[in-house]
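Everything on this sheet refers to the single structure shown next.
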Amino acid sequence: MRTTVATCCVFLLLWQAAVSTGLAPAAFLPAPLAVLSAAGHLLASGIYFDDLAASMSRVLVAFGLSLALALPLAYMAGTSYRMGGVILPLIGFFRYTPVAAFVPLCILWIGIGEPEKVAIIFIGTFFQLVVMLTDAVRAVPEEYYRVARTLGGTRFQVLRDVTVPASASAIYDSLRLGLGWAWSYVVLAELVAATTGVGYRLVEAQRFMRTADVFAGILLVGLVGLLLDVVLEYIKPVFFPWQTRR
Amino acid sequence: MSALIEVRGVLRRFSGDLVGLGPIDLGVREGEFLAIVGPSGCGKSTLLHLLAGLDAPTEGEIQFEGARLAGPGPALGVVFQHYTCLPWLTARQNVALALRWRGLPGADCERNAQRYIDLVGLGPFSDAWPATLSGGMQQRVAIARALANQPRALLMDEPFGALDAQTRSRLQLELLRIFAEMGCTTVFVTHDIDEAVFLADRVVVLTPRPGRIHAEIPVTLPRPRTLGTRLGPDFSTLRARVAAALEEAVYTMSNGED
Ligand SMILES: Nc1ncnc2c1ncn2[C@@H]1O[C@H](COP(=O)(O)OP(=O)(O)O)[C@@H](O)[C@H]1O
Ligand SMILES: [Mg+2]
């Protein structure tokens, strides 16, 4: 902890020094304090909260869609090797194709409205989610299934009362990761042909050469992503009270 | 007299030519407590899984209540070597799960489950998560869970193997009490000769892999058995006989390979 703080202080001091000595022109690299005040202005103006709301709603819609489709596929692929053989190879191809490669196609097919933004986030998260959630389902220990069989559960009962709860914790962790990706893809989606959103705010600042605002935008996007992750980790015990806390 | 479980010429071969067990012929009588001992790796767990219907013999067949054993189910309660409580369910919910699956109304499930939790002496811990219970307590939950289904037979695979000596000794006494109370036919796998003699009506000694029956030793010690039973001369004699049989089984085997 102490080293982390020290590293940050040294980093900020070097940054400030580079700007104060004129080593880097302010239009290129604004001073830390300038970035902080730009961030303050962004937040105080209230516009930024509209942007946040716009970006967040895109993320939630796209990620919700992603999850709704990925979950059943993952349960199928994770509980049956035959289904896994059908589903996973297809997913694998898209998983290794960068999302950015799909942006032009999305615009070509569905235009530049909201659906296009949602589609990009969906493409970025869906295929990864299927793979990660399948792994989570496959990681359910064989012993649980053995116990379930001796207790006489039907296929559906075992799925509902063993597979689902046994994989839920790992799935929750995957969702935390996935939401992080969704947050970065929404910025990507908003760089092109958007009029709202945290990504759009970055592009706008760049167009007007307001470098401090660009920096502030990056800072806030990063902080929001971090906050999401920390909050999700912090509230996990609420959903999984049976796990012993470390 | 026909047995509750009848094992006929059962052999289990794993991938390749590796024979894990058998051939074995064995009858488990209604109401008896049968212990199976053998060196580690001889196929005890394999045999128990076969008896539970979790695995199918490569050759031979197993009859349960006069019909070919089709698969696992609540009529054959199993307690595994490892702690197998479902960690997202409390102790009582673990016991109630199978009752719920059978369609018992919620209140009956809870009441029934609580009865078996009480039976294994876990009353005050019925709402505890398994992660907060000791190994011995988790095995008690597993026993309660198997018994709550009122099985025709209880199959146990070294259930106390991972416990410390004191806890193990306590659980052995509890198991004797439960056996006396419920009279449920029990097959108990162990590599602990003391444990086998103390608990069982009959001890079957297996040879090293592939496990075959080397000897069957009836245990004539009267019930109820207490800690004092272990101190008597009859206990020592029986234990020595089982130990000798086990040693002989291992010795004969290794000689045969030379
Ligand atoms: N699924 C399996 N595949 C291959 N070999 C196995 C399998 N299960 C058990 N074996 C082998 O069969 C033998 C008996 O195993 P096991 O029944 O677990 O022994 P025990 O319970 O007596 O220690 C061991 O040598 C083990 O390596
Ligand atoms: Mg074993």
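The values are calculated or read from the model by the stated rules, or taken from the named source; none is laboratory data. Computed from a prediction, not measured in an experiment: that's the story for all the values here. Ideal geometry is used to build each Cβ from the backbone, glycine not excepted, and the neighbour counts take in all protein chains shown. To get the accessible areas, we keep the full protein, side chains included, count just its heavy atoms, and leave off ligands, DNA and RNA. Shrake-Rupley method; radii C 1.70, N 1.55, O 1.52, S 1.80 Å.
So that you can scan it fast, the table gives a plain yes or no per residue for (1) assigned to a loop (DSSP other than H, G, I, E, B); (2) away from chain A (no Cβ under 14 Å):
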{"residue": "B:Ser15", "(1), (2)": "yes, yes"}
{"residue": "B:Gly22", "(1), (2)": "no, yes"}
{"residue": "B:Gly31", "(1), (2)": "yes, yes"}
{"residue": "B:Ile36", "(1), (2)": "no, yes"}
{"residue": "B:Leu47", "(1), (2)": "no, yes"}
{"residue": "B:Gly71", "(1), (2)": "yes, no"}
{"residue": "B:Gly77", "(1), (2)": "no, no"}
{"residue": "B:Thr84", "(1), (2)": "yes, no"}
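Close Cβ contacts (under 8 Å, 6 or more residues apart or on different chains) running from residues in the range B:101-130 that are within 14 Å of chain A (Cβ to nearest Cβ) and charged (D, E, K, R) to residues that are assigned to a helix (DSSP H, G or I) and open to solvent by less than 10 Å² (accessible area, probe 1.4 Å) comprise B:Asp127/B:Ala91.
Across the range B:202-228, what is the total count of residues that are within 14 Å of B:Phe33 (Cβ to Cβ) and among the β-branched types (Val, Ile, Thr)? Quick ask: steps written out before the conclusion?
If we filter the range B:202-228 for residues that are within 14 Å of B:Phe33 (Cβ to Cβ), which is where we start, we get B:202-204, B:216-225.
Add one more test, that the residue is among the β-branched types (Val, Ile, Thr), and what stays is B:203-204, B:217, B:219-220.
Of the residues in the range B:202-228, 5 are within 14 Å of B:Phe33 (Cβ to Cβ) and among the β-branched types (Val, Ile, Thr).
Any chance the range A:199-211 includes a residue that's out of contact with any Lys or Arg (no Cβ under 9 Å at 6 or more places or on another chain) and under 17 Å from A:Leu33 (Cβ atoms)? Looking through the range A:199-211, at least one residue is out of contact with any Lys or Arg (no Cβ under 9 Å at 6 or more places or on another chain) and under 17 Å from A:Leu33 (Cβ atoms). When B:Gln93 is tested against the conditions (1) away from ligand 2 (no atom under 16 Å from the Cβ); (2) in contact (Cβ under 8 Å) with a residue 24 or more places away in the chain; (3) open to solvent by 40 Å² or more (accessible area, probe 1.4 Å), the lone failure is (2). When we screen B:Arg223, B:Arg168 for residues that are surrounded by fewer than 17 Cβ atoms within 10 Å (Cβ to Cβ) and touching a helix residue (DSSP H, G or I) at 6+ places or on another chain (Cβ under 9 Å), the only hit is B:Arg223.
Of the residues making up the range B:102-136, those that are open to solvent by 40 Å² or more (accessible area, probe 1.4 Å) and closer than 13 Å to B:Glu174 by Cβ are B:Asp118, B:Gly121. Restricting B:Ala52, B:Ala56, B:Ala3, B:Ala35 to residues that are aliphatic (A, V, I, L, M) and either more than 16 Å from ligand 1 (Cβ to nearest atom) or over 30 Å from B:Glu248 (Cα atoms) (or both) narrows the list to B:Ala3. B:Val189 fulfils the conditions (1) over 16 Å from the mean Cα position of the chain (by Cα); (2) within 20 Å of B:Arg29 (Cβ to Cβ); (3) crowded, with 17+ Cβ neighbours inside 10 Å except for a single criterion, (1).
Summed over the range B:13-48, residues that are over 22 Å from B:Thr185 (Cβ atoms) and either within 16 Å of ligand 2 (Cβ to nearest atom) or surrounded by 14 or more Cβ atoms within 10 Å (Cβ to Cβ) (or both) total 10.
Close contacts from the range B:201-214, counting a first residue that is over 13 Å from B:Thr252 (Cβ atoms) and assigned by TED's automatic domain parsing to the domain that holds B:Phe33 and a second that is charged (D, E, K, R) and modelled with pLDDT under 90, with Cβ to Cβ under 9 Å and a gap of 6+ residues or different chains, come to B:Asp201/B:Arg223. Scanning the range A:58-82 for residues that are more than 30 Å from A:Val198 (Cβ to Cβ) and hydroxyl-bearing (Ser, Thr, Tyr) returns A:Tyr75, A:Thr79, A:Ser80, A:Tyr81. For the residues B:Leu69, B:Leu26, the requirement of being in the same structural domain as B:Leu246 (by TED's automatic domain parsing) and within 16 Å of ligand 1 (Cβ to nearest atom) singles out B:Leu26.
For B:Phe64, the criteria (1) farther than 25 Å from B:Pro210 by Cβ; (2) aromatic (Phe, Trp, Tyr); (3) open to solvent by 20 Å² or more (accessible area, probe 1.4 Å) hold in every case but one, which is (1).
Of the helices (runs of 4 or more DSSP H) lying entirely inside the range A:124-210, those containing at least 2 residues that are more than 14 Å from chain B (Cβ to nearest Cβ), hydrophobic (A, V, I, L, M, F, W, C) and surrounded by 21 or more Cβ atoms within 10 Å (Cβ to Cβ) are A:164-191, A:198-207. For the range B:139-154, a residue qualifies if it is more than 14 Å from B:Ala96 (Cα to Cα) and within 12 Å of chain A (Cβ to nearest Cβ), and the qualifying residues are B:Pro151, B:Ala153, B:Leu154.
Go through the range B:49-69 and give me each residue that's among the hydrophobic types (A, V, I, L, M, F, W, C) and more than 8 Å from chain A (Cβ to nearest Cβ).
The first filter runs over the range B:49-69 and keeps only residues among the hydrophobic types (A, V, I, L, M, F, W, C), leaving B:50-52, B:54, B:56, B:62, B:64, B:67, B:69.
Residues satisfying the conditions are B:Leu50, B:Leu51, B:Ala56, B:Ile62, B:Phe64, B:Ala67, B:Leu69.
Picking from residues in the range B:72-90 that are at pLDDT 90 or above and within 15 Å of ligand 1 (Cβ to nearest atom), the one that is surrounded by the fewest Cβ atoms within 10 Å (Cβ to Cβ) is B:Phe80. Scanning the range A:211-246 for residues that are within 14 Å of chain B (Cβ to nearest Cβ) and among the hydroxyl-bearing types (Ser, Thr, Tyr) yields one hit, A:Thr244.
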